Amino acid sequence: MPLAPKLEDFPKIRGALRFYQVFAYVTGIMLLLLCAEMIVKYGMGYELFAFSNYGVLTFVPVKTAVAPTGVDLSTGILIAHGWLYVVYLFSDFRLWSLMRWSFTKFVMIALGGVVPFLSFFVEARITKQVKTYLAGREAEAANLVEATN
C-alpha cells in the first residue's frame with residue numbers, strides 16, 4: 001500500500017500545486033508557440049526575427065541571400081520552452097514527491113509538457129485529484145478530532 005502524504009505537509013502540497021498549475025499553463029502555451037514556430041519554419045520556410053535588417057518584426061525566408069541580423073525569435077521560443085519545461089519537471093517532481101505517488105504518475109504528468117494541449121488536461125485532472133484528496137483527508141481528520149472530544 002502506498003504511503004499517504006503527511007497532514008503537516010498539506011500547506012506545502014497546496015504551494016506545490018499552485019506552482020505546478022502556473023508552470024503547466026506556461027509550458028503548454030510555450031509548447032503551442034513552439035509547434036506554430038515549427039510549422040512556419042519547416043512547413044512554410046520562414047523564421048521570425050525582431051529588430052533585424054528586414055524590419056522590427058519580420059518573417060524572413062530560411063534561405064536568404066542576406067543573413068538577417070537582430071533577435072532570432074524562432075530560436076528564442078525553442079530555448080525558452082526547453083528551460084520552462086525543466087521548471088515544469090521540477091514542479092511536477094515537487095508535487096509528486098509530496099503526494100507520494102507512483103513513478104508512473106510522475107512520468108504521465110511529465111508527458112504533459114511534450115504533447116501539445118495535454119498539459120492543460122493533465123493540469124485540470126491533477127488539480128482536481130489533489131484538491132479532492134486534501135479535502136477528504138482534512139474532513140477525515142476533523143471528524144476524528146470531533147469524535148475524540
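Using the structure shown, decide if V130 is among the hydrophobic types (A, V, I, L, M, F, W, C), closer than 14 Å to L17 by Cα and out of contact with any Asp or Glu (no Cβ under 8 Å at 6 or more places or on another chain).
Details: among the hydrophobic types (A, V, I, L, M, F, W, C): yes; closer than 14 Å to L17 by Cα: yes; out of contact with any Asp or Glu (no Cβ under 8 Å at 6 or more places or on another chain): yes.
When the stated conditions are applied, V130 passes them.
Within the group P11, P5, which residue is part of a loop (DSSP other than H, G, I, E, B), of a type outside the set (G, A, S), within 25 Å of the chain's Cα centre (by Cα) and under 27 Å from T127 (Cβ atoms)? So that I can check it myself, show each step before the final result.
On the way: P11 fails: part of a loop (DSSP other than H, G, I, E, B).
Checking each option against the conditions leaves just P5.
Tally up the residues in the stretch 88-105 that are of a type in the set (V, I, T) and within 12 Å of I126 (Cβ to Cβ), please.
Number of matching residues: 0.
From Y20, Y42, grab the single residue that is surrounded by fewer than 19 Cβ atoms within 10 Å (Cβ to Cβ) and assigned to a helix (DSSP H, G or I). Show your work before the answer.
Values: Y20 fails: surrounded by fewer than 19 Cβ atoms within 10 Å (Cβ to Cβ).
Unique residue meeting the criteria: Y42.
Assess whether A50 counts as being surrounded by 19 or more Cβ atoms within 10 Å (Cβ to Cβ) and either at positive phi or not charged (D, E, K, R) (or both). First the steps, then the outcome.
Numbers: surrounded by 19 or more Cβ atoms within 10 Å (Cβ to Cβ): no; either at positive phi or not charged (D, E, K, R) (or both): yes.
So A50 fails the test.
For A80, indicate whether it is closer than 21 Å to A24 by Cα, free of Cβ contacts under 8 Å to residues at least 24 places away in the same chain and surrounded by 15 or more Cβ atoms within 10 Å (Cβ to Cβ). It would help to see each step written out before you state the result.
Values: closer than 21 Å to A24 by Cα: yes; free of Cβ contacts under 8 Å to residues at least 24 places away in the same chain: no; surrounded by 15 or more Cβ atoms within 10 Å (Cβ to Cβ): yes.
Judged against the criteria, A80 is not a match.
Taking the condition touching a helix residue (DSSP H, G or I) at 6+ places or on another chain (Cβ under 6 Å) and assigned to a loop (DSSP other than H, G, I, E, B), does P116 pass? Even if it seems obvious, please write down each step before you answer.
Details: touching a helix residue (DSSP H, G or I) at 6+ places or on another chain (Cβ under 6 Å): yes; assigned to a loop (DSSP other than H, G, I, E, B): yes.
Criteria met by P116.
Looking at R125, R137, which is the one that is at pLDDT below 95, part of a helix (DSSP H, G or I) and either among the acidic types (D, E) or over 15 Å from F23 (Cβ atoms) (or both)? Working first, answer last.
Details: R125 fails: at pLDDT below 95.
Exactly one residue qualifies, and that residue is R137.
I'd like the full set of residues that are open to solvent by less than 10 Å² (accessible area, probe 1.4 Å) and either modelled with pLDDT under 95 or more than 12 Å from the chain's Cα centre (by Cα) (or both), limited to the stretch 88-98.
Going through the stretch 88-98, the residues open to solvent by less than 10 Å² (accessible area, probe 1.4 Å) turn out to be 88, 91-92, 95.
Matches in the stretch 88-98: L95 only.
Limited to the stretch 65-77, what total is found for residues that are surrounded by 11 or more Cβ atoms within 10 Å (Cβ to Cβ) and out of contact with any Lys or Arg (no Cβ under 9 Å at 6 or more places or on another chain)? Break it down into steps so the answer makes sense when it comes.
Within the stretch 65-77, the first condition is being surrounded by 11 or more Cβ atoms within 10 Å (Cβ to Cβ), and the residues that meet it are 68-77.
Still in the list and also out of contact with any Lys or Arg (no Cβ under 9 Å at 6 or more places or on another chain): 68-73, 75-77.
Summing the residues that are surrounded by 11 or more Cβ atoms within 10 Å (Cβ to Cβ) and out of contact with any Lys or Arg (no Cβ under 9 Å at 6 or more places or on another chain) in the stretch 65-77 gives 9.
The values are calculated or read from the model by the stated rules, or taken from the named source; none is laboratory data. A quick note: this is a predicted structure, and the numbers were derived from the prediction, not measured. Don't worry about glycine lacking a Cβ; one is built from the backbone with ideal geometry, like all the others, and counts go over all protein chains shown. All accessible areas refer to the heavy atoms of the entire protein, side chains included, with ligands and DNA or RNA removed. Shrake-Rupley method; radii C 1.70, N 1.55, O 1.52, S 1.80 Å.
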